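To keep things clear, I will list the structure first and then write my remarks on it.
The values are calculated or read from the model by the stated rules, or taken from the named source; none is laboratory data. Quantities reported herein were computed from a predicted structural model and do not represent experimental measurements. So basically every Cβ, Gly included, is an ideal-geometry build from the backbone, and we count neighbours across all protein chains shown.
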Amino acid sequence: MSHPDDVKKHIHSLSSLEKLVQQWHREAKKIVFTNGCFDLVHPGHLDYLSKAADLGDVLIVGLNTDASVRRLKGPDRPVVDENGRAFLIASLRFVDAVVLFDEPTPYHLIQLVQPDVLVKGKDYKAEEVVGYDIVTARGGTVQTLDLVPGYSTTLLIQKLLRNETK
């Protein structure tokens with residue numbers, strides 16, 4: 001079983017991530033990058049992240065900050081704060097690094113990481129994924145993965161609210 005300090009070693013600042021990414025590039029590791037809010041982690045998230053990890057040697061997850069989630073999802077989100085979400089995602093054995101970002105998109109983070117594989121859900125077309133230009137310019141690929149039907153944080157919140165009003 002992982003100790004909380006072992007999990008926290010997978011949560012990075014931009015500068016510590018930059019050093020780690022440089023090391024992985026030197027070691028010719030195939031770097032996979034994905035991003036999201038990952039509020040109320042559910043089986044759909046786990047399936048998605050596991051499949052993303054299978055596409056390379058290391059998986060980096062860009063995680064929206066609380067302020068960023070509020071801008072995207074509204075004032076009542078996130079349900080779980082950024083530290084809690086980062087800890088949850090970093091505790092997954094197939095996630096190698098988690099980094100918070102506050103920008104509207106992870107474009108600058110993708111520039112820093114220079115991943116070999118950029119991953120998003122099938123609700124995106126590959127050419128529309130932020131960072132497509134960065135990854136494909138260096139010979140990398142953009143993959144879109146099937147999402148598990150019936151799982152989304154929004155659906156879970158709606159279900160909880162319906163049960164609360166009964």
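Here are a few things to note about the model shown:
- Looking across region 37-73, the residues that are touching a residue at least 40 places away in the same chain (Cβ under 8 Å) and in contact with an Asp or Glu (Cβ under 7 Å, 6 or more places away or on another chain) come down to Gly56, Ile60.
- Hey, Thr144 touching a helix residue (DSSP H, G or I) at 6+ places or on another chain (Cβ under 7 Å), within 25 Å of Ile110 (Cβ to Cβ) and either polar (S, T, N, Q) or modelled with pLDDT under 95 (or both) or not: yes
- Condition check for His3: at pLDDT below 95 and under 29 Å from Leu161 (Cα atoms): no
- Exactly one residue out of Val32, Val58, Val41 is modelled with pLDDT under 95 and not basic (Lys, Arg), and it is Val41.
- Counted residues, region 6-42 - those being within 18 Å of Gln114 (Cα to Cα) and in a loop (DSSP other than H, G, I, E, B): 5
- Residue check, Leu147 surrounded by fewer than 21 Cβ atoms within 10 Å (Cβ to Cβ), outside any helix (DSSP H, G or I), among the hydrophobic types (A, V, I, L, M, F, W, C) and in contact with a strand residue (DSSP E or B) (Cβ under 9 Å, 6 or more places away or on another chain): yes
- Residue within region 75-91 that is within 22 Å of Glu18 (Cα to Cα), surrounded by 14 or more Cβ atoms within 10 Å (Cβ to Cβ), under 12 Å from the mean Cα position of the chain (by Cα) and of a type in the set (S, T, N, Q) present: no
- Top-ranked residue of region 104-144 - restricted to ones that are more than 18 Å from Val21 (Cβ to Cβ) and of a type in the set (D, E, K, R), ranked as surrounded by the most Cβ atoms within 10 Å (Cβ to Cβ): Lys120
- Filtered residues of region 10-57 (kept if exposed (fewer than 13 other Cβ atoms within 10 Å of the Cβ), hydroxyl-bearing (Ser, Thr, Tyr) and out of contact with any strand residue (DSSP E or B) (no Cβ under 8 Å at 6 or more places or on another chain)): Ser15
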